[in-house]
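Heads up: the structure comes next, in structure tokens.
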Amino acid sequence: MPLLPLLLSQIRSRGPLTVAEFMELALYHPEFGYYCRAEQRSGTHGDFYTSVDVGPLFGATIAAQLAEMWDILQARGARAFDVVEAGAGNGRLAADVLDAAASAHPAMYAHLRLTLVERSAAARRAQAERLAPHAPRVVAMRDTLPDGITGVIYANELLDALPVHVVTRTESGWQEVAVGERDGALEEVAVPVSGPAVTEALSRVHGSARPGDRIELGLAAADWIRAAGAALREGFLLLFDYGRDTRTAAPRGTLTTYRAHRSRPEAWLEDPGGQDLTVHVDLDAVRRAAADAGLTTSGIVDQTYFLLALGLADRLETGHDRRAVMQRLAARTLMMPGGLGSTMKAMVFAKDVGTPSLTGLASGRLT
């Protein structure tokens with residue numbers, strides 16, 4: 001556990017860490033962080049599955065929505081189409097998007113300028129090889145968002161991997177869950193709420209919490225939304241993430257770990273840096289942050305309805321050969337109720353493009 005001594009040292013020198021501080025180190029420490037030690041964490045041999053692991057259908061559907069967004073921007077005078085993937089990993093999703101764009105949307109592809117944003121140096125090193133067939137369309141691979149984007153920023157499962165503060169309701173009021181030490185091991189401790197930003201976020205939460213309930217406050221996610229809004233000059237923000245409304249918050253929170261495709265909420269302090277940590281995104285907080293950033297909410301729908309509206313079913317091969325069967329199974333995984341289809345939300349926000357109707361949001365359905 002190379003990260004554990006560092007965590008213990010910090011706790012001993014300055015007291016308990018907030019959950020957000022713990023998650024930042026456990027996930028993103030440049031040497032020992034979970035996401036920074038490997039170029040890929042998902043898939044059959046990883047710890048969890050994402051829509052990208054299912055195959056190229058997800059990227060092809062995103063390309064269809066991007067093509068419509070490009071038409072809107074081009075009609076408003078745009079001459080180039082900036083496409084920025086945040087949390088781009090090793091470039092697998094970007095490759096799927098560009099493959100589909102080149103074959104099905106050549107007019108958009110000819111104007112497309114791709115930037116990949118990824119904090120993991122290991123993942124960034126893998127991007128150039130992955131995207132070699134599209135090298136003329138790739139303008140940058142970096143670890144922060146660029147400025148002055150006219151186009152689209154998109155991200156898949158980025159917000160749910162950002163650090164959160166955790167607060168718990170007690171008989172005497174709210175306290176913050178923190179990470180302390182007992183005999184060289186990490187343990188949960190309760191401390192006063194850590195600062196005005198947490199207090200302000202907590203003030204927006206509904207008042208029905210009972211003693212013992214926990215709530216995650218995604219200050220980092222809200223900060224990222226605001227940064228994305230500032231980086232976007234004109235265009236759209238397209239996000240896919242596990243999401244929930246505040247009114248449907250889980251009494252014990254949603255913070256959990258994933259290792260070998262197994263979720264263990266009780267194990268979030270075990271083996272820091274060696275397992276994934278994730279939460280469901282508070283959709284209400286995301287909407288507020290978007291408004292703060294000058295973005296309008298175009299719509300939030302279940303991933304199933306987004307994919308269907310953009311013609312996923314029409315892309316499926318017929319027949320009974322292995323390729324066709326595997327493609328239909330992949331589509332089912334992307335749209336399965338109770339799985340990626342309904343727990344994953346597609347969120348679209350717009351800036352300075354008016355209020356255009358987007359095909360992916362046509363159903364308006366959110367569960």
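Tabulated values for the structure
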item	result
Mean separation of Cα contacts under 8 Å, 6 or more apart, over the residue count of the range 165-293: relative contact order %	24 percent
Highest to lowest packing among 188-194, 151-157, scored as the average C-beta count within 10 Å	151-157, 188-194
Positive minus negative residues near Ser194 (Lys, Arg vs Asp, Glu; Cβ under 11 Å)	-2
Prolate/oblate/rounded call for the range 72-203, Cα gyration tensor, a/c under 1.5 rounded	prolate
Gyration tensor (Cα) of the range 149-233, equivalent ellipsoid semi-axes in angstrom	30, 17, 11
Amide hydrogen neighbours beyond the local backbone of Met344, cut-off 5 Å, H modeled	Gln303
Cα shape, the range 189-295, gyration tensor, a/c 1.5 rule	oblate
Karplus (6.51, -1.76, 1.60) ³J(HN,Hα), θ = phi - 60°, over the range 353-358, in Hz, Gly and Pro reported as x	10, x, 10, x, 7, 10
Hull-based mean projected area of the range 56-123, where the convex hull spans the alpha carbons, in square nanometres	4.4 nm²
Solvent exposure, largest accessible area first (probe 1.4 Å, DNA, RNA and ligands not counted), of Arg130, Arg92, Arg252	Arg252, Arg130, Arg92
Stretchable slack from Arg210 to Ala121, in nm (0.36 nm times residue separation minus alpha-carbon distance)	27.8 nm
Cut-off 15 Å between beta-carbons: net charge of the residues surrounding Pro133, Lys and Arg +1, Asp and Glu -1	0
Cα gyration tensor category, rounded, prolate or oblate, for the range 115-166 with a/c compared to 1.5	oblate
Ordering of 109-118, 134-143 by burial proxy (mean other Cβ atoms within 10 Å per residue, highest first)	109-118, 134-143
Distance (nanometres) between label positions extended 7 Å along Cα→Cβ at Arg182 and Thr359	5.7 nm
Order by protection proxy (mean Cβ within 10 Å, highest first), peptides 344-357, 76-89, 7-20	76-89, 344-357, 7-20
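The values are calculated or read from the model by the stated rules, or taken from the named source; none is laboratory data. Please read these numbers as outputs of a predicted model, since none were measured by experiment. Heads up, the Cβs are rebuilt from the backbone with ideal geometry, glycines too, and the neighbour counts pull from every protein chain shown. Note: accessible area is taken over every heavy atom of the protein model, side chains too, but ligands, DNA and RNA are not part of it. Shrake-Rupley method; radii C 1.70, N 1.55, O 1.52, S 1.80 Å.
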